[in-house]
Each structure stands twice: as C-alpha cells, then as structure tokens.
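Taken together, the values in this text are just the output of simple stated rules run on the coordinates, not laboratory data. This structure is a prediction, so every number in the text was calculated from the model and none was measured. Note that each Cβ is placed from the backbone with ideal geometry, even for glycine, and that neighbours are counted across all protein chains shown.
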Amino acid sequence: MVRMRAVVQRVNGASVVVDGETVGEIVGQGLCVLVGVTHEDTADKAAQLARKLWSVRILEGEKSCSDLDAPLLVISQFTLYGDARKGRRPTWHAAAPGEIAEPLVDEVVKRLRELGARVETGRFAADMKVSLTNDGPFTVIVEV
C-alpha cells in the first residue's frame with residue numbers, strides 16, 4: 001500500500017525562493033515539510049497528515065508545533081515517490097499528477113490552518129530553491 005508521505009525536518013528557519021522572490025519563509029523553530037502525493041490519496045488522508053504534523057512531538061523538549069505555536073513550511077515534492085531501484089534513472093509512476101496532487105497539498109495546508117497553525121508554502125510545480133537550517137539534524141518520514 002502506497003501512502004501519503006512527508007519528509008519532516010525540525011528547523012531553525014527555512015525559506016523557499018522562486019525566480020529570486022521569497023514565496024515562503026519561517027523564522028525560528030518550526031518544521032519544514034516536503035509532501036508527496038500518490039494516486040490513491042484523498043482529502044481524508046490530507047486531513048490525517050495535517051493532524052499528525054501539528055501534533056508530532058519532535059521539537060525541542062519533545063514538544064509539537066501545537067504546543068509551541070511553531071510555524072510550518074509546507075512544500076509539494078513529487079520526487080518523494082521516485083523509484084531508483086532499477087537502472088540509473090528514477091521513475092515517477094507512484095507520484096500523482098499535478099491535477100490530483102496540488103489540491104491535496106492545498107488541503108494539508110488548509111487543514112493545518114484550521115487547527116491553528118501558521119503555515120507558509122512553496123509554489124506548486126515551480127523551480128523552487130529551498131534553504132533551511134536543520135536543527136539537530138532531525139528528519140523523520142511520516143506516512144498516513
């Protein structure tokens with residue numbers, strides 16, 4: 001079973017730049033979240049992922065974003081479903097196409113905001129330059 005996937009990094013600041021313009025930025029302690037969507041994902045999965053991201057206790061002192069009112073930077077990342085097991089070039093068959101993925105990433109963001117989160121985003125399908133300071137380093141994979 002393929003699941004909605006997020007790579008979650010505890011950060012001390014992160015930003016996304018598109019064409020020289022900063023389109024999303026968080027300052028201080030928070031989470032940088034790369035979200036991958038597959039064909040079977042649904043709005044319910046997006047809501048479940050949002051709840052998990054808001055409550056996962058990986059910030060300093062085993063706190064969550066909800067405990068500390070810490071911000072999140074959410075970025076779509078279809079390459080999380082790249083498969084490089086065969087050959088030298090990854091395939092992207094498991095990644096959902098943009099018309100499926102974009103609304104579901106937007107749903108994750110919407111649900112986080114409904115929970116009270118401060119959320120910044122990248123720009124879907126853009127050539128993004130992501131900068132961050134990984135705090136720890138601390139990186140986990142969350143699947144729902």
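One table, with the values for the structure above:
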quantity	calculated
Residue in region 88-110 that is assigned to a strand (DSSP E or B), among the charged types (D, E, K, R), more than 12 Å from the chain's Cα centre (by Cα) and surrounded by 13 or more Cβ atoms within 10 Å (Cβ to Cβ) present	no
Subset of region 1-12 (residues that are buried (at least 20 other Cβ atoms within 10 Å of the Cβ) and either assigned to a loop (DSSP other than H, G, I, E, B) or free of Cβ contacts under 8 Å to residues at least 24 places away in the same chain (or both))	M4
Subset of region 58-87 (residues that are touching a Lys or Arg at 6+ places or on another chain (Cβ under 8 Å) and not in a loop (DSSP other than H, G, I, E, B))	L59, K63, D67, L72, L80, Y81
Residue identified as touching a Cys at 6+ places or on another chain (Cβ under 8 Å) and of a type in the set (A, V, I, L, M, F, W, C) among L112, L59	L59
Members of region 77-87 that are out of contact with any Leu (no Cβ under 9 Å at 6 or more places or on another chain), surrounded by 15 or more Cβ atoms within 10 Å (Cβ to Cβ) and hydrophobic (A, V, I, L, M, F, W, C)	F78
In region 53-95, residue nearest to H39 (Cα to Cα) [restricted to those that are hydroxyl-bearing (S, T, Y) and in contact with a strand residue (DSSP E or B) (Cβ under 9 Å, 6 or more places away or on another chain)]	Y81
Qualifying residue in region 87-101 (condition: closer than 21 Å to V130 by Cα and not hydrophobic (A, V, I, L, M, F, W, C))	yes
Residue ID - surrounded by the most Cβ atoms within 10 Å (Cβ to Cβ), chosen from residues in region 13-39 that are among the acidic types (D, E) and out of contact with any Ser or Thr (no Cβ under 9 Å at 6 or more places or on another chain)	D19
Scope region 47-57; condition under 20 Å from R10 (Cα atoms), of a type in the set (A, V, I, L, M) and not in a loop (DSSP other than H, G, I, E, B); matching residues	L49, A50, L53
Candidates S76, S66, filtered to the one that is touching a Phe, Trp or Tyr at 6+ places or on another chain (Cβ under 7 Å) and over 17 Å from V144 (Cα atoms)	S66
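Per-residue answers, yes or no, for (1) under 15 Å from V108 (Cα atoms); (2) out of contact with any His (no Cβ under 8 Å at 6 or more places or on another chain); (3) among the hydrophobic types (A, V, I, L, M, F, W, C):
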site: V18; (1), (2), (3): no, yes, yes
site: E21; (1), (2), (3): no, yes, no
site: Q29; (1), (2), (3): no, yes, no
site: V33; (1), (2), (3): yes, yes, yes
site: G36; (1), (2), (3): yes, yes, no
site: W54; (1), (2), (3): yes, yes, yes
site: R57; (1), (2), (3): no, yes, no
site: G61; (1), (2), (3): no, yes, no
